[in-house]
Structure formats: structure tokens, C-alpha cells
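Working notes for the structure below.
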Amino acid sequence: MATPSDFDALEREIADSLFDFQPTYGVDLGRHEYDGRLPDYSVESTERWASRADSLLHRLDAIDSVVLPADRRVDRFLLRLLLEGSLFDLRDARRLERNPMTYLGIVSATPYLVREYLPAADRARSVVAVLRGVSALTDQGRRRLRGPLPKPFVETALAIAGGLGGHFAEAEAFCAGAGLAAEATEARAAAVAAVAGFSDWLRTEELPRADADFALGAAGFQRLLFVREGVEAPFADLERAGRRDLARNRARLDAIAHDEHVPVSALIVRLHRDRPTAEGLLDTARGYVEECRRLVESKELASIPGPVDCRVAETPVWARTMSTASMDSPGPFEAGSTQGVYYVTLVDPAWGEEQREEWLRMMNRPMLRNTAVHEVYPGHYLQALHFRATAGSLARKVYRSPAFVEGWAHYCEQLAIEAGIGPSGVDAEVVQLLDALLRDCRLLAAIGMHTAGWTVEMATDLFEREAFLERLPAQREALRGTFDPEYYCYTLGKLAIVDARHRHLSDRFGGRLRDFHDALLRSGCPPVGLLDGLLGADATASTAAPA
């Protein structure tokens, strides 16, 4: 019979195999022995890894859970999901045969540019290695992709490719400053040529015959919920929960408009008027980070493990087209620089007056405050501080549930309103509700498009009607759902956390929010299907959908 020490060894072997398969994930977590490596997506390599994963799963199943303590039984389940999730991507979703974005979105030098965890010359060598690996990756894509491909996938891949040239130029400049100018110039030229050739092939060969067949299907979507989040409840239950949440949020927004004696559209216009100047945008964002930190401390919402080191900075050039604001937090294995960087996208000096004003309307003060809640305190950055401070197992440090990560940050937006963030008035809550409606629509669009035959146009109409988006952003949200059905994770995670709070806050935590939130964050980033078990009396996977 296998022993706990056998399980410990298998845990390490599974983690190593996952990092070998996806080395960039290891880098994100702070495992810098994988620096500079891109995945090998050749058929031979992935089939070899899948066979190894099957063997690891068999060995994992052979370990009788009776010999393991309760917390390690949870870890056994996490390891299972880690392996089955990667196998789902390979065999069920067939991403390497269907999605050209897979070969482009992973090409990034960002982890080596944003944090000084090693001397610049060492990080620059990793950047050069990444650039040199682009050609092999795109060649693998051309050999593996099997058309007709879904048209939204091809169009989005072409858009990503169009932005990589600027990213590669920034990477080359960093390397030149670190003394590797010649190597970086040569590597960048090869990477640019590889991406250009891949783009030309997509545009001329695949785009003309691309189709609208993007859906996972009902069975695939149900399987996705399990391998990512341990959720076994029918997705129809999740859809009903999402519709109830949308109705709650919409009713509250309508009530605010009624009390203010204006339509919802007027509330949105009022938000747009309350905006910083282009020159003051970054300082405004810094002020809100401090305001949010004080709120967490004064209202005792959660502990803030030290040391705290969060820098607010302008979004790098290569990421401006994809982000309004984002948080880059140190991973749980990071032993170098532990600084977090909160990026805010500023007004581009090349923009005309109309585009500048449009951007500043979107980056209004209530929105910036709500974004600081989501990205920094008590959202992603605070979550990362707890993740690093908790002496969790290897499995818990490796596993990152999308619904827990994004669900926590989305839940924090509601939590901040409950705690009374912002000046008197309703604008802070209006922004929170608009964001909640957007996330509700993402969940419903994902389910509709992947299980019920919704078209992109049907999803676009939902975002326009229920999330109050204008036509272009509504279309972009709908298109995202074709290749990212997991954008259901915001609402799924928030509802799971709200449900866990309802079940356990009073009985187990005596109504003390800080104790409840600390316990939640100490659990790592577990699949939300486990939350009730982790916070309750037992540690088994929950099959219930959020209420």
C-alpha cells in the first residue's frame, strides 16, 4: 500500500511534469529554473506528455485516500484536476489543432521586464531565449492547426500578432541596456519574421475558409467546469444562478436611478464627467490604492501580511492595447523581488482630442477606485500576499483556480460597497453594479454560446441590453466568449464566496469578516467546488452550484 511519503514524491513529480509541459506557468509562479523556455507543442512532445499524465493519474488514483490526512486528500484532488485540466485542453478542447492564439499569446518577455528578481543581464539572456524560440513555436502551429478554424480565433490571433512587434522592440531595448544588444537584435529579427510568416499564413490560407464552429458543446462545457473548478452541478444550475444575480444587480441599479430621478443612462453620464486630467491620472490611481488599503485596515476586512511593496506604474507600451489596468503580483515561489506592480494605462500622447476624452471618460474616478479595489486592496494584490505568506503544500502553491482568483477580486468590489468606500453618494455603487452586470453577462454569454447555439450577435445584444455597453465594446465582449468561455469565472467565483460567507460566517467565524476572509485566503487558490468543504466540517468537493 502506498504511504504518505509516496504521495509526497508523486506530488513533486506531477508538479515537475506540469512545469515541463508549460514552463511559462512555472515562471509566473516564481520557478525561475524555467526562465527563457517556451513550450514544445510538437505532436511528439505533447503525446509523450499526455501519456505521462495518464500514468501519473493512474498512480494518483492508486493511492488510497484513507492513508492521507484530510488536507492531503484535498491536495490529491487538486493534483488530479491539474492533470485532467491539461489533458482536457489537449484532447477535448483540441486547442493546439483549433486555436492559433495558443501559439502567440504565450510569447511574452513581460515576466523578465517588470520585476528585478535577478540582475538585468541574467533576465536579458532569458528574453533572448524566448525570442529565439518563437520560430519553432509558430512552425509547430502551422503543422498542427487543422482548418477550417473558428473565425473569431483566427481574427483575434491576427490582432495579437499585430501587437507583438512593439513588444519585441521593447524586449530588445531592455536587452540592449543590459549589454546584449547584438544577440537581442538578431533574436528579435527572427521572432518578427516568424510571427509575420505565421500571420500571412493565417490571413491567406485559414481566414478565407474559417467558420463559426467555436462552441465546446454542452458536454465539453460541463467537463470544463469540473476540471477547472471541481464543480459537478449541471451548468443549467449555474445559468439560473447567473440570471438571479443579474436580476438582483439590475433591480438595485434601477432603484438607484429611481431615487435619483434620472434614467440609468444619466447615471453613467454623471460618472463620465467625474474624471481626472490626463496628467493627474496616475497620481489619482495611487491615491485610491492608499484609500483602499486604509479601508481594509479600518474596517478590519482582512489581514495584510507583510512585507507590503506595491508600486503603481504606467502600463508598458506593449500591453496598452490589451489592458486598462492590471496587477502583476509576485508568485508563491518568488524569492527575488517580491514587489507587486499595479499598472494603469494612461492617455497615449499620439491620440487626438476626441480619443483622449473618450479614454478619460472611461477612466473616471469612481471606476478607478473600483479598479483599485479589484486589482490591489483587498483584491488581487492582497490575495497574492496571503498566497505567499501561507505555508501551503506544493499542490496548493501550484493550483490556481480562475474562479477563485477572479471571483475573490470581483467579490471585493461588492465588499467595498458594503464597507462604505468612497464619498457620500451612489456613484461608487453604480460603478460596482455596472461591473457586476458585465460579469453576469459574461457568464450567460459563455453558457449560451457554448451550449445553446447562441451566435456572437445574440451575445452582443445581451451585453448592449443588460450591461449598458455601446456596440463596439459589446461586440468585443461577445467575441471574447468564443475563445475564452472561462470568463464565467468572475461571477461563478463571487457567487461561490458569497454562498460560503452565508453558510459559515456566523457559525464558524462569529460574524467576524476578517477571520472569514483570512481563512478563505489561507486556503490558497482552490477550485470553488471545494470552498464549502474547506471552510466547513469536511474536505470533500461540493457538487452544489452557487445560490
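What follows draws every value from the coordinates through simple rules; no lab data is involved. Predicted, not measured: the structure shown is a model, and the values here were computed from it. Cβ: placed from backbone, ideal geometry, glycine included. Neighbour counts: every protein chain shown.
Observations, loosely collected:
- Applied to region 12-26, the Karplus parametrisation 6.51 cos²θ - 1.76 cosθ + 1.60 on θ = phi - 60° returns per-residue 3J(HN,Hα) values of 5, 5, 5, 4, 4, 5, 5, 5, 5, 6, 10, x, 5, 5, x Hz, with x for Gly and Pro.
- Measuring r between the beta carbons of ARG522 and SER326 and using R0 = 30 Å, the FRET efficiency lands at 0.75.
- Listed residues LEU207, MET449, ALA181: farthest to the positive end of the dipole of the chain (Cβ charges): MET449
- Overall, the ratio between the Cα radius of gyration of region 221-491 and 2.2 N^0.38 Å, rounded to two decimals, is 1.02.
- Positive end of the dipole of region 432-520 (Cβ unit charges, origin at the Cα centre): among ALA467, PHE509, TYR490, the Cα lying farthest that way belongs to PHE509.
- The dipole here belongs to the chain: it is taken about the Cα centre, uses +1 on the Cβ of Lys and Arg and -1 on the Cβ of Asp and Glu, and is about 360 debye.
- In order through region 160-168: 3J(HN,Hα) via Karplus (6.51 cos²θ - 1.76 cosθ + 1.60), integer Hz, x for Gly, Pro: 4, 4, x, x, 6, x, x, 5, 5
- Modelled spin-label separation between ALA236 and ARG514, with each label point placed 7 Å from Cα along the Cα-to-Cβ direction: 4.6 nm.
- With bins 10 Å wide beginning at 0, the percent of Cα pairs of the chain falling in each bin runs 3, 16, 28, 30, 17, 4, 0, 0.
- Computed from point charges on the beta carbon alone (+1 for Lys and Arg, -1 for Asp and Glu), the dipole magnitude for region 459-510 about its Cα centre is near 240 Debye.
- Kirkwood analysis of the Cα pair distances in region 120-194 returns a hydrodynamic radius of 13.3 Å.
- Cα shape, region 4-209, gyration tensor, a/c 1.5 rule: oblate
- Debye, to nearest 20: dipole size of region 250-294, +1 on Lys, Arg Cβ, -1 on Asp, Glu Cβ: 120 debye
- Between amide H atoms placed 1.01 Å from N, distances below 5 Å from ALA109 occur with no residue 5 or more places distant or on a separate chain.
- Note, ³J(HN,Hα) from phi for region 508-522, Karplus 6.51, -1.76, 1.60, rounded to Hz, x at Gly and Pro: 8, 10, x, x, 8, 4, 4, 5, 5, 5, 4, 5, 4, 6, 5
- Computed label-point distance, nm, for sites ILE268 and GLU186 using a 7 Å Cα→Cβ extension: 5.4 nm
- Relative contact order (percent, whole number), region 69-159, Cα cutoff 8 Å, 6+ residue spacing: 40 percent
- Near ASP499, once Lys and Arg are set to +1 and Asp and Glu to -1 for all other residues with Cβ below 13 Å from its Cβ, the sum equals +1.
- Between amide H atoms placed 1.01 Å from N, distances below 5 Å from VAL312 occur with TYR342, all of them 5 or more places distant or on a separate chain.
- Listed residues GLY425, LEU224, ALA62: farthest to the positive end of the dipole of the chain (Cβ charges): ALA62
- Label point 7 Å beyond Cα of ARG94 along Cβ direction - residues of region 20-45 with amide nitrogen under 19 Å: 41-45
- Ranked by the mean number of other Cβ atoms within 10 Å of their residues, highest first, the peptides 164-175, 447-458, 507-518 come out as 164-175, 447-458, 507-518.
- Note on MET458 and GLU116: their simple-model spin labels are 5.4 nm apart, each label 7 Å out from Cα toward Cβ.
- Per-pair calculated FRET efficiency, R0 = 51 Å: LEU87 and ASP254 via Cβ, rounded to 0.05: 0.65
- With a cut-off of 15 Å between beta carbons, the residues surrounding ASP35 carry a summed charge of 0, where Lys and Arg count +1 and Asp and Glu -1.
- Value at 222 nm in deg cm²/dmol, rounded to 500, when DSSP H runs of n ≥ 4 in the chain each add -39,500 (n - 2.57): -21000 deg cm²/dmol
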